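Chemist: Dropping the structure in here first, questions after.
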Amino acid sequence: MSDPSQIEGHSLDAQERHIIDHCKARDWVPVRIYREEGRSARHEAISRRPLFKELLEDVAKGKYDVVVIDTLDRWSRNLKVLLEALSVLGHHGVGLVSITENIDYSTPHGKLATQMIGGMAEFFSEMLAVHTKKGIEERARKGLHLGAIPFGYESCWKSEGGERVLICDSEHPGGIHIHETEGQAVNELFQRYSTGTATLSQLAGWLNDQGFRTRNRHMLQGGDGKASPRLFTTASVRGILHNSFFTGKVKHKKQEYPGLHEPIVTEETFDEVQSAMKKNSGRSATMNPRPQREYLLKGLIRCAWCLMPMWAQTYKNGRRYYREHRGSRGSGACVNSSGSISCEVPDQQMDQLMEAIVLP
């Protein structure tokens, strides 16, 4: 492999020549040369190096006995990728030879060393996961927020030139504080729903009309390639109303801990909302109580008009539909807000598209 600055030179040709000459000297038969042009060995993920990934997949299929490279820094300059790749080679009993460094893992002892390196890498990876879980639990016990900061709050810090800069006169407890306008909007959601004066759909529409958007971002089809904020939906409003974080608590797994952040709503209001949502969660009588819930395009298919995800439902008669419920998005802008389509139609079209694909 070679990084972009070496494509025009002779680095790749030289590497390939060294590898072929080394194989001839040892009476090895080169099966395939993986020539990864314009890719840097510094990538921190194997998925970003398609040919490198393909090589490891071929190793797993038992196609090779030895992998020969010109130099280790052409194989990988990222320790995580290096150990992960060595783990794959060791697991399948494949040797590794680096010509420049004079490293030879093609012998029985070398293969054993590769397996040991891979085993240690896996061990440390698992131990890191254990310590990470402990750190997350300890953070929750201290009352610090986990993951992304919820809608309604903002961080006391911002990033400038790669450095964290405090934007508050003094840091608030937990490092976050209530966002002036979003916090008021969250409180309004709880108040309206607890008094029964608005549905989830109406609340989503109200948020969108006020110009609010969720913290999630997505790419719009046919856009300029930039991610844009999502509109609020009944599901996102439901998520806010179910989140006890707004009462000043931090939840980890099934345990709740007192948070350091300031609450937006009282526990009494939160409990009233939970009771109201439980009461209003009855399913439609036309819905199949035990649907198969097997939909080919679930989570993928979108409305052609507003580009929002469509829902999938199975009715008592067994028929399945992708549908855009009237008013359920809360945006009020979709001209096809009550439309639906039988799952068979787009599913069959997808089948035909997949069958038409011819791989080289």
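Chemist: Given the condition in a loop (DSSP other than H, G, I, E, B), open to solvent by less than 30 Å² (accessible area, probe 1.4 Å) and farther than 16 Å from residue 244 by Cβ, answer yes or no: does some residue in the range 143-156 qualify?
Modeler: yes
Chemist: Taking the stated definitions as given, is residue 221 modelled with pLDDT under 95 and open to solvent by 70 Å² or more (accessible area, probe 1.4 Å)?
Modeler: Answer is yes for this residue.
Chemist: Output yes when any residue across the range 107-122 is of a type in the set (Ser, Thr, Tyr), farther than 16 Å from residue 19 by Cβ, at pLDDT below 90 and open to solvent by less than 30 Å² (accessible area, probe 1.4 Å), and no when none is.
Modeler: Going through the range 107-122, the residues of a type in the set (Ser, Thr, Tyr) turn out to be 107, 114.
Retained after the next criterion (residues that are farther than 16 Å from residue 19 by Cβ): 107, 114.
With the extra rule that they be at pLDDT below 90, the set shrinks to 107, 114.
Among the residues that remain, those that are also open to solvent by less than 30 Å² (accessible area, probe 1.4 Å) are: 114.
Yes, the range 107-122 contains at least one residue that is of a type in the set (Ser, Thr, Tyr), farther than 16 Å from residue 19 by Cβ, at pLDDT below 90 and open to solvent by less than 30 Å² (accessible area, probe 1.4 Å).
Chemist: Further, regarding this structure: Among residues belonging to the range 231-272 that are of a type in the set (Asp, Glu) and within 21 Å of residue 139 (Cβ to Cβ), point out the one that is nearest to the chain's Cα centre (by Cα).
Modeler: 256
Chemist: State the number of residues belonging to the range 34-70 that are aliphatic (A, V, I, L, M), at pLDDT 85 or above and either part of a helix (DSSP H, G or I) or open to solvent by 20 Å² or more (accessible area, probe 1.4 Å) (or both).
Modeler: 7
Chemist: What do you reckon, is residue 171 within 23 Å of residue 250 (Cβ to Cβ), part of a loop (DSSP other than H, G, I, E, B) and not aromatic (Phe, Trp, Tyr)?
Modeler: Here the answer is yes, as residue 171 does meet what is asked.
Chemist: Mind checking which strands (runs of 3 or more DSSP E) fall wholly inside the range 256-360 and carry at least 1 residues that are within 21 Å of residue 232 (Cβ to Cβ) and at pLDDT 75 or above?
Modeler: It comes to 311-314, 320-323.
Chemist: Going by what's in this entry, would residue 171 be described as under 27 Å from the mean Cα position of the chain (by Cα) and among the acidic types (Asp, Glu)?
Modeler: Considered against the rule, which asks whether it is under 27 Å from the mean Cα position of the chain (by Cα) and among the acidic types (Asp, Glu), residue 171 comes out as no.
The values are calculated or read from the model by the stated rules, or taken from the named source; none is laboratory data. What you see is a predicted model; the values in this text were computed from it and never measured. Neighbour counts are summed over all protein chains in view; Cβ atoms, including those assigned to glycine, are modelled from backbone coordinates with ideal geometry. Heads up: the accessible areas ignore ligands, DNA and RNA and are worked out on the full protein's heavy atoms, side chains in. Shrake-Rupley method; radii C 1.70, N 1.55, O 1.52, S 1.80 Å.
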